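Participant: Right, I'll just put the structure down here and ask away after.
The values are calculated or read from the model by the stated rules, or taken from the named source; none is laboratory data. Just so it is clear, the structure is predicted and the values come from calculations on it, not from any experiment. Methodologically, a virtual Cβ is constructed for each residue, glycine included, from the backbone with ideal geometry; neighbour enumeration extends over all protein chains shown. Heads up: the accessible areas ignore ligands, DNA and RNA and are worked out on the full protein's heavy atoms, side chains in. Shrake-Rupley method; radii C 1.70, N 1.55, O 1.52, S 1.80 Å.
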Amino acid sequence: MANVVLVHGAWSDGSIWQRVIAALHEEGHQVASVQLPLTALDEDIAWTRKQIAALDGPVTLVGHSYGGMVMTGAAEHNEQVTGLVFVAAYAPDASETLRALSGRGARARGSGAIRFAEDGWTTLDPDRYRDAMAADVPVADTRVLAAVQKPTHSACFSTPSGHGTWRDLPCAYVLSLDDGILDPGLQRWFAERTGATVTALHASHLSPVSQPAAVAAAIGSMLGGGASPEAS
């Protein structure tokens, strides 16, 4: 049995992992899904650290999207963390921000769906949510996801990361080839820079929702210490 902590991204919550959690539980693993406040990167990191500390023994961190920024920070100077799994996620190095990293990739078709309020909070246009985040998820389900999306403060996107802990830990990367909001080419660059074992899926950004079995299998390969061959 292994300990796994799942970290969601922007405009979502821990429920995106529900079918991944079920699959990992079937394999006998202890799984926790963090509910981030999405108020600031430092606060999200602190919340994730609390979740890690609540578990006994080594922990594998799994981050989706912005959650990659969070888990990278939560792993810093944390001896409990033994591996990182990036799921269509950012993999920052020291002093890099999510906004700056996004600029390295091609402009995604879904980037125009982001709404910026004057008070700093951001949401996704509900009418464009499916195209941006979950084009391979049933329409009825994406309507629910859009309706319950969690607002994310823009401070999460502009705060520099600390040390790139992927330099010190084994990594895996689950790449979404049909992603509408995070350039697949940029994801490939993240995977290469981290030296990760890659699983490439024909999936939207929300692969934990659309392809939970494949995402769980990639996480399981990390837990088992084996290599997960790249799929296409």
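Participant: Quick one: Cα centre-to-centre distance for region 181-219 and region 129-153, in angstrom?
Facilitator: Result: 18 Å between the Cα centres.
Participant: For a label point 7 Å from the Cα of ARG115 along Cα→C-beta, name the residues of region 1-37 whose backbone N is under 16 Å from it.
Facilitator: 11-12
Participant: How large is the accessible surface per residue of region 75-118, computed with a 1.4 Å probe and reported in Å² as a whole number? If you can, show how the numbers build up before the last one.
Facilitator: Working: 2310 Å² over 44 residues.
Heavy-atom accessible area per residue stands at 52 Å².
Participant: Please sort 156-169, 8-21 by packing, taking for each peptide the average over its residues of neighbouring beta carbons within 10 angstrom, highest first. Could the numbers behind the result be given before it?
Facilitator: Numbers: 156-169: 18.7, 8-21: 22.6.
Top to bottom by mean Cβ count within 10 Å: 8-21, 156-169.
Participant: Keeping the other protein chains in place, figure out the carbon and sulfur percent of the accessible area of the chain, with a 1.4 Å probe.
Facilitator: Roughly 51 percent, rounded to a whole number.
Participant: Tally Lys and Arg at +1 and Asp and Glu at -1 over the other residues with C-beta under 15 Å from the C-beta of ILE45: what net charge comes out?
Facilitator: Working: positive: ARG49, LYS50; negative: ASP42, GLU43, ASP44, GLU76, GLU96.
Neighbour charge sum, excluding ILE45 itself: -3.
Participant: Would you tally the net charge around CYS156, using a Cβ to Cβ cut-off of less than 10 Å, leaving CYS156 out, and scoring K and R as +1, D and E as -1?
Facilitator: On the way: positive: ARG99; negative: ASP42, GLU43, ASP44.
Residues near CYS156 contribute -2 overall.
Participant: So what's the back-of-envelope 222 nm ellipticity for the chain, counting only DSSP H runs of four-plus at -39500 (n - 2.57) apiece and dividing by all residues, rounded to 500?
Facilitator: On the way: 10 runs with 82 residues, N = 232.
The per-residue figure over the chain is -9500 deg cm²/dmol.
Participant: How much accessible area does THR194 have with a 1.4 Å probe, in Å² rounded to the nearest 10?
Facilitator: Estimated to the nearest 10 Å², THR194 gives 10 Å².
Participant: Students often check this: by mean Cβ neighbours within 10 Å, which of 42-49, 99-106 ranks highest, and how do the rest follow? Present the calculation step by step, with values, prior to reporting the outcome.
Facilitator: Values: 42-49: 20.0, 99-106: 14.0.
In descending order of packing, they fall as 42-49, 99-106.
Participant: Per-residue accessible area for ASP119 at 1.4 Å probe radius, Å² rounded to 10?
Facilitator: Its heavy atoms expose roughly 100 Å² to the probe.
Participant: Determine the shape class of region 75-232: with a ≥ b ≥ c the square roots of the Cα gyration tensor eigenvalues, call it rounded for a/c under 1.5, and otherwise prolate if a/b is greater than b/c, oblate otherwise. The partial results should precede the final answer.
Facilitator: Working: a/c = 1.86, a/b = 1.24, b/c = 1.50.
It comes out oblate by the Cα gyration axes.
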